[in-house]
1. Determine which single condition Cys53 fails, assuming it passes every other condition in (1) open to solvent by 60 Å² or more (accessible area, probe 1.4 Å); (2) without any contact (Cβ under 8 Å) to a residue 40 or more places away in the chain.
2. Restricting the search to segment 12-46, which residues are closer than 20 Å to Lys93 by Cβ, open to solvent by 40 Å² or more (accessible area, probe 1.4 Å) and not in a loop (DSSP other than H, G, I, E, B)?
3. Show the residue pairs that are 6+ apart or on different chains and have beta-carbon atoms under 9 Å apart, the first residue being within segment 94-106 and farther than 15 Å from Thr75 by Cα, the second being open to solvent by less than 60 Å² (accessible area, probe 1.4 Å) and assigned to a helix (DSSP H, G or I).
4. Has segment 112-124 got any residue that is at pLDDT below 95, open to solvent by 60 Å² or more (accessible area, probe 1.4 Å), among the β-branched types (Val, Ile, Thr) and in a loop (DSSP other than H, G, I, E, B)?
5. Which numbered condition trips up Gly61, out of (1) free of Cβ contacts under 8 Å to residues at least 60 places away in the same chain; (2) open to solvent by 60 Å² or more (accessible area, probe 1.4 Å); (3) not polar (S, T, N, Q)?
6. What about Asp7, is it more than 14 Å from Tyr83 (Cβ to Cβ) and surrounded by 15 or more Cβ atoms within 10 Å (Cβ to Cβ)?
7. Out of segment 67-108, which residues are in a loop (DSSP other than H, G, I, E, B) and open to solvent by 40 Å² or more (accessible area, probe 1.4 Å)?
8. Are any of the residues in segment 55-62 assigned to a loop (DSSP other than H, G, I, E, B) and acidic (Asp, Glu)?
Amino acid sequence: FKAPSRDHPALYRDLLRTNRVHWIAEEPPALLVREKMMDCHFRFRHQMALVPCVLTLNQDGSVWVTLVKPARAITPGQFAVFYKGDECLGSGKILRMGPSVYTMQQGKNREEGPKKEEMDKIEPAT
């Protein structure tokens, strides 16, 4: 797939799955084991800014990574590296990705949602 532009929504995703994560200090972190979910940060390119995310632990030691905001050009085979503050927690190879922002928008466009007049009356959540 070749996107029409560098910032096309098809390049952005907010969900990915890794293989079994290699944890550095704790195998896996106690909070993640106890809660099955954990807030942390991640990156998949060396120089990229850290992105807030939520990890969901799977039975096989892999994790689902849900990003707070979609990231561009995530690719299977890259490594997702997880951080809590300055501490590197571990990493896992990206195996699968959720639908792109573009795909999600296409799905929303097909659904019959509220009319614009109704949307204008809805107060935004604060």
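1. (1)
2. Passing the criteria: Arg13, Asp14, Leu15, Arg17, His22, His41, Arg43.
3. Going by the 9 Å Cβ cut-off, the qualifying pairs are Tyr102/Pro9; Tyr102/Ala10; Tyr102/Leu11; Thr103/Pro9; Thr103/Ala10; Met104/Pro9; Gln105/Pro9.
4. yes
5. Condition not satisfied by Gly61: (2).
6. So Asp7 fails the test.
7. Of everything in segment 67-108, those that are in a loop (DSSP other than H, G, I, E, B) and open to solvent by 40 Å² or more (accessible area, probe 1.4 Å) turn out to be Thr75, Pro76, Gly77, Gln78, Gly85, Asp86, Pro99.
8. yes
The values are calculated or read from the model by the stated rules, or taken from the named source; none is laboratory data. The shown structure was predicted, so the numbers you read here are calculated from the model rather than taken from an experiment. For neighbour counting, all protein chains shown are included, and Cβ atoms are generated from backbone atoms with ideal geometry for every residue, glycine included. Surface accessibility is based on the protein's heavy atoms, side chains included, excluding ligands, DNA and RNA. Shrake-Rupley method; radii C 1.70, N 1.55, O 1.52, S 1.80 Å.
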